[in-house]
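This report concerns only the one structure given below.
All of the numbers you see were taken from the coordinates with simple rules; none came from a lab. No experiment lies behind these values; they were computed from the predicted model shown. No Cβ is skipped: glycine too gets one built from the backbone with ideal geometry, and neighbour counts run over all protein chains shown.
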């Protein structure tokens, strides 16, 4: 079923992202970034375990819009697990269009480390993973807070929260990692994390 759904995915590439972004999107579509990421983790297992206290590379997630759950180990040492990422890519699909896109393994590392710091058995709530250009354009029409060239469109961003843990504290954890962008949306109660340049808003 997953393979059938993935085969039906046809992301709209006519939304006009920047040239560099477009090239990255095309590479991601071919699955090469996933291969490269498997060879070059965001943080080596040794460094991440020492700096963040990560005992295992796993996540426990619940998608707030679909009600679906994803829980399990996705990385062993410095090796990402391709079969697990197939399921994770489907879980983090654009839930509005059902388009599936390869997520950057590094952004999953960020969520895993944040979850380990929170020290809870409860799942992290996912509000948005991959976002198609069509969905991104639609959301931009209703909000000035949606970037035209959002990293959600490249599988490099995830919006998260945890019902029993302050989003402000999640933001502080994410900022402390200094591994990408961190956005805090107190009114909507969620935190955006991505693997772009280190920045906050």
* Asked: What is the residue count in segment 178-201 for residues that are within 20 Å of residue 123 (Cβ to Cβ) and touching a helix residue (DSSP H, G or I) at 6+ places or on another chain (Cβ under 7 Å)?
  -> 4
* Structure fact -> Only one of 167, 143 is farther than 28 Å from residue 82 by Cβ, without any contact (Cβ under 8 Å) to a residue 24 or more places away in the chain and either surrounded by fewer than 22 Cβ atoms within 10 Å (Cβ to Cβ) or touching a strand residue (DSSP E or B) at 6+ places or on another chain (Cβ under 7 Å) (or both), namely 143
* Do we have any residue at all in segment 150-168 that's farther than 19 Å from residue 101 by Cα and within 13 Å of the chain's Cα centre (by Cα)? -> yes
* **Extreme residue, nearest to residue 159 (Cα to Cα), among residues of segment 112-122 that are in contact (Cβ under 8 Å) with a residue 60 or more places away in the chain and buried (at least 18 other Cβ atoms within 10 Å of the Cβ)** => 114
